[in-house]
Amino acid sequence: MNIKLSTLFQPGKLGNLLALASGALLTLAFAPFSIYPLAIIALALLISLCLPVTPREAFMRGGLFGIGLFGTGVYWVFISMHRFGDMNTVMAGICTAGLVAILALFPAICCYLTLRYFTNKADTRLLLAFPALWVMLEWLRSFLFSGFPWLTLGYTQLDAPLSGYAPIGSVLLVSLATVISAVWLVKIITLARAKLYMQVWQFGMYIILLWSMGATLALFQWTKPFDKPVSVALVQGNIPQQMKWDPAYLNSTLETYTKLTAPYWHTPLIIWPEAAIPISLRDAEDFVNGLDAHAKHNNVTLITGIPLMAAHDSYYNAVITLGALHSGYIKHRLVPFGEYIPSLPLLHRTLDLLHVPMSNFIPSPYANRPLLADHGKLKILTFICYEIAFPEQVLFAMNENPATNILLTVSNDAWFGHSAAQAQHLQMARMRALELGRPLLFVSNTGITASIDAMGRVSAAAPAFVATVLTDQIQPMQGHTPWQTFRMNPVLGLILSMLMIGRWRSRRS
């Protein structure tokens, strides 16, 4: 069958299928594949598919793009619900499809609003509206419906020159630079087809300038070393999720962590992952006291995840330190449908009827304070699992605790099986380290356990699904990045300015 390339971008089923495929293509730009140019190519395809059609058709194509992206990017939610959450296949499939459909609304709305409220006069849609709307909706996605900021576009550029914009304006500024690169690519192709080669050269220079500035900024070290490097031992127990909360395997789990740690009691900082001790602190008192005595005797700090009892048979998901100083952190942002059920009465009744299992964790009522190590000299700001995905939550905690030297994430990614979720999670943690100029320790039950420097680079990593201990030396840091100083104000101001100018141009035309 002979099909002209130009017909693919016109209204019709072929264009719709290409939109779906473009979204799936974008997944390959994220970890673990990290083919970062595909982010620009996939987005350029979406833009080209939406410009020739009506706003309603653009909504459909944006939604199909979102289904392609999130359907292939967060498929592991099904694994978590079905295999480890004991939800039946049909319900897990429905819930996963519902999540993908909700997330797909964001690119759909972006495409619709671009064509509905912005004219094509003076390239308003292409150069102003689409980039600003895309990033604005990514920002909104981080807190609407409890927030799900997974697969934010800027993460694709973590190992590319555009990553240099992260300490200036977070992952969202990297997203904006990525979308602008895509729209300029579309503009170059359009001008080349019209044989306007002088303007092709002009926009080509714009792309070179944007990427050169990013590469230059990536060379800057915005923060400075604090004291001397610290030796760490990150313990990856690799306890299967089926065994982790089973009381029959409790002694085996504790023995695994004890044996793995035994050769490293000389290391100043030892860290176990989220809920490494899978019973409450009250029930594990004798075991914890023994660890505390070991830590004091060897003059080291041991950090471990452990549940804490709360009122009415509820629990806090917590991290505590053992050794010379005792401190702790309780998780603020819980995973919806994983650690708690959103407060919707109808939803509660439906899940009860379907016998869907849910955890009974509650969020922390306390402010985030750093864990203390090295006799209080070292301050470690801690986040549990899902929390590291939220840039503004991490930023707020950093600004409340500016003396923080190290970031820490403890997690249990065993929930997601052998999927891309582990690599995606680590990619987001790397971005937080780069944004705030702090080293970050990423300690997971099944992996990927890693040590990340203040430039967002992985300095050491342990293979997934292996019981092991990762050792490394990390350099604590102090100071502020521009993003920590100015927060989201410059990025949101830039986006709003682009939208206002675009709308003004549209009204004039």
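Scanning segment 279-292 for residues that are among the small types (Gly, Ala, Ser) and surrounded by fewer than 18 Cβ atoms within 10 Å (Cβ to Cβ), which turns out farthest from Leu334 (Cα to Cα)?
We begin by selecting, within segment 279-292, every residue among the small types (Gly, Ala, Ser); these are 280, 284, 290.
Applying the additional criterion that residues be surrounded by fewer than 18 Cβ atoms within 10 Å (Cβ to Cβ) yields 280, 290.
On the way: Ser280: 18, Gly290: 30 Å.
Ranking the candidates gives Gly290 first.
Take segment 442-498 and flag every residue that is within 30 Å of Leu127 (Cβ to Cβ) and touching a Ser or Thr at 6+ places or on another chain (Cβ under 6 Å).
The one that is within 30 Å of Leu127 (Cβ to Cβ) and touching a Ser or Thr at 6+ places or on another chain (Cβ under 6 Å): Trp483.
Among the residues of segment 483-505, is any over 25 Å from Ala397 (Cα atoms), out of contact with any His (no Cβ under 9 Å at 6 or more places or on another chain), in contact (Cβ under 8 Å) with a residue 24 or more places away in the chain and among the basic types (Lys, Arg)?
Checking segment 483-505: at least one residue is over 25 Å from Ala397 (Cα atoms), out of contact with any His (no Cβ under 9 Å at 6 or more places or on another chain), in contact (Cβ under 8 Å) with a residue 24 or more places away in the chain and among the basic types (Lys, Arg).
What is the one condition in (1) without any contact (Cβ under 8 Å) to a residue 12 or more places away in the chain; (2) within 23 Å of Thr178 (Cβ to Cβ) that Gly98 does not satisfy?
Just one mismatch for Gly98, condition (2).
Collect the residues in segment 265-278 that are surrounded by fewer than 19 Cβ atoms within 10 Å (Cβ to Cβ) and either out of contact with any Ser or Thr (no Cβ under 7 Å at 6 or more places or on another chain) or hydrophobic (A, V, I, L, M, F, W, C) (or both), keeping them in residue-number order.
Going through segment 265-278, the residues surrounded by fewer than 19 Cβ atoms within 10 Å (Cβ to Cβ) turn out to be 265-266, 268.
Matches in segment 265-278: Trp265, His266.
Taking segment 310-334 only, how many residues are farther than 25 Å from Val300 by Cα and either in contact with a Phe, Trp or Tyr (Cβ under 8 Å, 6 or more places away or on another chain) or of a type outside the set (A, V, I, L, M, F, W, C) (or both)? Don't jump to the end; show me each part of the working.
In the first step, residues of segment 310-334 are kept if they are farther than 25 Å from Val300 by Cα; the result is 310-316, 332-334.
Filter once more, keeping what is either in contact with a Phe, Trp or Tyr (Cβ under 8 Å, 6 or more places away or on another chain) or of a type outside the set (A, V, I, L, M, F, W, C) (or both): 310, 312-316, 332-334.
Total meeting the criteria: 9.
Filter segment 31-61 down to residues that are within 17 Å of Ala104 (Cα to Cα) and within 22 Å of the chain's Cα centre (by Cα) and give me whichever is surrounded by the fewest Cβ atoms within 10 Å (Cβ to Cβ).
Result: Ala42.
Please specify each residue of segment 152-174 satisfying the condition of being hydrophobic (A, V, I, L, M, F, W, C) and surrounded by 24 or more Cβ atoms within 10 Å (Cβ to Cβ). Explain how you work it out, then say what you get.
Our first condition is that a residue be hydrophobic (A, V, I, L, M, F, W, C); within segment 152-174, this holds for 153, 158, 160, 162, 166, 168, 171-174.
Result: Leu153, Leu162, Ala166, Val171, Leu172, Leu173, Val174.
Considering only residues of segment 311-326 that are of a type outside the set (Phe, Trp, Tyr) and surrounded by 18 or more Cβ atoms within 10 Å (Cβ to Cβ), which is farthest from Val232 (Cα to Cα)? If you could, list the steps in order and put the result at the bottom.
Of all residues in segment 311-326, those of a type outside the set (Phe, Trp, Tyr) come to 311-314, 317-326.
From what is left, the residues that are surrounded by 18 or more Cβ atoms within 10 Å (Cβ to Cβ) are 317-323.
Values: Asn317: 23, Ala318: 20, Val319: 17, Ile320: 16, Thr321: 14, Leu322: 15, Gly323: 15 Å.
Among them, the one singled out is Asn317.
Identify all residues within segment 372-420 that are at positive phi and either crowded, with 20+ Cβ neighbours inside 10 Å or not assigned by TED's automatic domain parsing to the domain that holds Ala454 (or both); write none if there are none.
Of all residues in segment 372-420, those at positive phi come to 374-376, 385, 417.
The answer is Asp374, Cys385.
Within segment 132-164, can you find the residues that are in a helix (DSSP H, G or I), within 22 Å of Leu28 (Cβ to Cβ) and not hydrophobic (A, V, I, L, M, F, W, C)?
Glu138, Arg141, Gly154, Tyr155, Thr156, Gln157, Pro161, Ser163
How about segment 456-476: which of its residues are among the charged types (D, E, K, R) and farther than 21 Å from Pro263 by Cα?
Our first condition is that a residue be among the charged types (D, E, K, R); within segment 456-476, this holds for 457, 472.
Of everything in segment 456-476, just one residue is among the charged types (D, E, K, R) and farther than 21 Å from Pro263 by Cα, namely Arg457.
If I filter segment 405-427 for residues that are touching a residue at least 24 places away in the same chain (Cβ under 8 Å), aliphatic (A, V, I, L, M), in contact with a helix residue (DSSP H, G or I) (Cβ under 8 Å, 6 or more places away or on another chain) and assigned to a strand (DSSP E or B), do I get at least one hit? Please lay out each step first, then the result.
First, pick out the residues of segment 405-427 that are touching a residue at least 24 places away in the same chain (Cβ under 8 Å): 405-427.
Restricting the remaining residues to those that are aliphatic (A, V, I, L, M) gives 406-408, 410, 414, 420-421, 423, 426.
Subsequent filtering for residues that are in contact with a helix residue (DSSP H, G or I) (Cβ under 8 Å, 6 or more places away or on another chain) retains 407, 410, 414, 420-421.
Within this subset, residues satisfying the condition of being assigned to a strand (DSSP E or B) are 407, 410.
Yes - at least one qualifying residue is present in segment 405-427.
Is it true that some residue in segment 87-104 is in the same structural domain as Leu64 (by TED's automatic domain parsing), closer than 18 Å to Ser22 by Cα and touching an Asp or Glu at 6+ places or on another chain (Cβ under 8 Å)?
Taking every residue of segment 87-104 in turn, none turns out to be in the same structural domain as Leu64 (by TED's automatic domain parsing), closer than 18 Å to Ser22 by Cα and touching an Asp or Glu at 6+ places or on another chain (Cβ under 8 Å).
Residues to consider are Ala248, Ala311, Ala275, Ala262; find the one that is more than 23 Å from Lys379 (Cβ to Cβ), free of Cβ contacts under 8 Å to residues at least 24 places away in the same chain and outside any helix (DSSP H, G or I).
Unique residue meeting the criteria: Ala311.
The values are calculated or read from the model by the stated rules, or taken from the named source; none is laboratory data. Since this is a predicted model, take the numbers as computed values, not measurements. So basically every Cβ, Gly included, is an ideal-geometry build from the backbone, and we count neighbours across all protein chains shown.
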